[in-house]
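Heads up, the thing below is written out as structure tokens.
No lab work stands behind these numbers, since they all come straight from the coordinates. Note that this is a predicted model, so its numbers are computed, not measured. Here the Cβ is made from the backbone with ideal geometry for all residues, glycine too, and neighbour counts use every protein chain on show.
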Amino acid sequence: MRTDLLALTADDLASFSNRGLTRRAEQEVSAGTLTCAIHEDSNGTVTFKWSDDVECRLPAGATLTDSRCTCPATTLCRHILRSIFAYQQQHRSQNDATSAPALAPDEAPAPSPMPWNPGALTDETLAKHYSATEFGRWKREFESGHVIQVWIGVKPRALIHTLGCTVNFLVPNDLRYAVCDCAAAAPCGHVILAVSAFRLLAPEAATELISTAAVTAPAPTALIDEIEQELIALARTGLARAAPLQVDRWHRLADRARRVNLVWPAEVLHEISDLHAAYLAHDARFDPREFLGLLAELLQRMDAIRAGKTPVPHLFVRGTPNDRETEFGSARLIGIGCAVHTSRTGTEVSAHLQDSDSGSITAITRRFPNPTAVAGAPPVPPRAYFELARSIALKGASFAAIGRGQLLVKGGRRTPSGRFVPGRAAASVAPQAYQWEALRSPLRTSGFAEAREQLRDAVPTTLGPRRVGARLTVCPVAHADEIRFDAVQQQTIARLTDPLGDTAWLRHRYTSRGAAGNERLLHALRTSMTAVRFVSGTAHLQGLHLIIEPLSVVFEENGRRSCIQPWVDEPAHADAPAVAPEQSLHFSHSIHPVQDYLDELLDCLAERWLTGNSSQQTVKKLATLGTSLGLSRLAQLSDLDAPPRLLEQTVAADFAYREFERLSADAAQ
């Protein structure tokens, strides 16, 4: 009896071929229109002779891709897939006590699926599938340092964060079925990394975030001290009085940080340099609060690096040599939706895409400054989001078109953070059929449970990888219900159920500039509850609940799929009102006193970094207010003119603001 064939599910087989081919093979077996003679020899080789004159042979001890079929296909065909389904069907019928005789004395029933740990596999077992050179190279790669998240279960899984790939172990103790979403044939070298990581899992744990570096690299304290001295000097003078040459100093520090593998601090320094240059150019895109946030993130990362040991893997805090600028050759990038981020000075629109070959996430972004006020003229309102998304992003294609289409490029660069920089080579945008079953993991998950597992050990954003789309997920959906617009929270809310029966909550925040897309999403959910097929968006946990803030939602009706991008979609009709009648009420939101205090505190600190001084009256007012709210640590503002104290206060205020936002979201749920 081939227990390996009996352990494979339809989802497992889809990872070897594709979901459409697997579904067709399963339907052919279920229909019963074809008959099949199955012969299994003593070695375990199984031969299938079908009534449509097709013969398949599945050799024992070989990989599934080594199976043979008499059809002309050169890859794993549907005949081999339906042979596996037929083998499973025959075994089920043999074990049905009401309709078939008992098993032969020498034939044991297939064991029930049980959780298992791939870490139990020995090096001798692994080495059988690799050459000695390849095996040694991957063992050295493991020791060089990676961050790998592992899960024990019936189908154990390892997510290699530093390489952006996932290894799934489909059959217990059988490496032939250790499938990775990279382009290499199974079992690839990533399996060695995954098995080695499972060995480091604590005995009582079912999941853990593993850092594989044998020795943590020493902190470059001299460089960190030099960066800190530059920040102290800036704190004394303020950005307004800093020398223009300071921009070049930020660049040089960033280059030195990258040379010692402080990849993410180098990226922060580059962004600080860009904002400093924007300030000197009187660019409307300069935002003091954004500048303050970058300073706080840089300080937190440097403190963590200096400390040496932190709960967050140091490869997340520093970055790795793999986090570098890469060149694109010819690539097909699948659009998964557009996002919008608004600050006090402007709006950033981003179209997110996945490389169909590597599975890496990239984004095309553009920042639109708010309209400049003209003296004596009425204020110009900022444009609606769908109008911004009409803007050309690349080679004549708009952001909205890229977010819902597929981008074919023949050149360009991707920054370490994942932003796409187009080259001079040709690029074009074509429609897509939204066959998102073919998207690669870890972006595409099998359901909400997998997405929830990925987020369970997620690190704080200020200390984690600075990649765009780090919290993006694409989940399959069976239907939606409990659809409503919450007038208090100003959100469109729906409960989504995936094909496995698990649930998550979709939440999309209403804005007047994005009203058109919000209305389209709400209408589509209400009228096509059972037609939802996929949701793409930013995911986070609120207690036990998975919350997805959508970039796009895919619907399927009459065999045809369509996509709604709630941030940037245009009104359904030209004469449609900007706000639906049920939403045009006067909503009054009471500002939380802690939020009000934190907002004022961050504004005060931003002013201090910008001008080099702050209003003593404002400082005293905030100190009194903080004390009355019980925030004694944040209320110690009397010595803001001391640069080291300003650095400490910046980190504390930024952390408190982020934590308050997280707790507020949990309370809202």
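The Cβ shell under 14 Å around residue 142 holds other residues with a net charge of 0, Lys and Arg each +1, Asp and Glu each -1.
Please report 302, 1, 114, 529 as a ranked list, fewest other C-beta atoms within 10 angstrom at the top and most at the bottom. Could you put the intermediate results ahead of the total?
Details: 302 24, 1 18, 114 8, 529 14.
Neighbour counts put them in this order, fewest first: 114, 529, 1, 302.
For residue 336, the amide hydrogen comes within under 5 Å of the amide hydrogens of 352, 353, 354, counting only partners 5 or more places away or on other chains and with H modelled in the peptide plane.
Rounded to the nearest Hz, the phi-derived 3J(HN,Hα) couplings of region 149-159 under the Karplus curve 6.51 cos²θ - 1.76 cosθ + 1.60 (θ = phi - 60°) are 9, 10, 9, 8, x, 5, 10, x, 8, 10, 9, where x marks glycine and proline. Set against the labelled values (i) 150; (ii) 202; (iii) 159, volume of the Cα convex hull per residue in Å³ computed from this structure falls on (ii). Against the longest alpha carbon principal axis of the chain, how many degrees, from 0 to 90 and to the nearest 10, is the axis of helix 616-628 turned? Relative to the chain, helix 616-628 is tipped by roughly 50 degrees. Bridging of residue 410 to lysines at a Cα separation below 22 Å is possible for 395, once same-chain residues fewer than 8 apart are set aside. Residues in region 67-77 carry Karplus couplings, in order, of 5, 10, 9, 7, 6, x, 4, 9, 10, 4, 9 Hz; the curve used is 6.51 cos²θ - 1.76 cosθ + 1.60 with θ = phi - 60°, and Gly or Pro positions show x.
Under 5 Å from the amide H of residue 188 lie the amide H atoms of 180, each residue being 5 or more positions distant or on a separate chain, with H modelled from the backbone and absent for Pro and chain starts. Residue-wise HN-Hα couplings along region 57-65, as the Karplus relation 6.51 cos²θ - 1.76 cosθ + 1.60 with θ = phi - 60° gives them from phi, are 10, 10, x, 6, x, 9, 6, 4, 6 Hz; Gly and Pro carry x.
Nearest 10 degrees is fine. How inclined is helix 263-280 to the longest principal axis of the chain, computing both from alpha carbons? On a 0 to 90 degree scale, this one is about 40.
Once the Cα atoms are used to define both axes, helix 19-31 deviates from the longest principal axis of the chain by about 40 degrees. Give the distance, in whole Å, between the Cα centre of region 447-489 and the Cα centre of region 126-193. Rounded to whole Å, the Cα centres lie 26 Å apart. Taking amide hydrogens as placed 1.01 Å from N in the peptide plane, the amide H of residue 491 sits under 5 Å from those of 486, 510, each at least 5 positions away in sequence or on another chain. Once each part is reduced to its C-alpha centroid, what is the distance from region 21-95 to region 277-332 in angstrom? Using only Cα atoms, the two centres lie 52 Å from each other.
Here 312, 553 are placed in order of increasing Cβ neighbour count within 10 Å, fewest first, which gives 312, 553. Among beta bridges identified by DSSP and lying wholly in the chain, the antiparallel ones come to about 95 percent. Only DSSP H runs of four or more residues enter the estimate; each adds -39500 (n - 2.57), and after division by the residues of the chain the mean residue ellipticity at 222 nm equals -11000 deg cm²/dmol. In plain terms, the residue of 352, 314, 540 with the fewest other Cβ atoms within 10 Å comes first and the most crowded comes last, giving 540, 314, 352.
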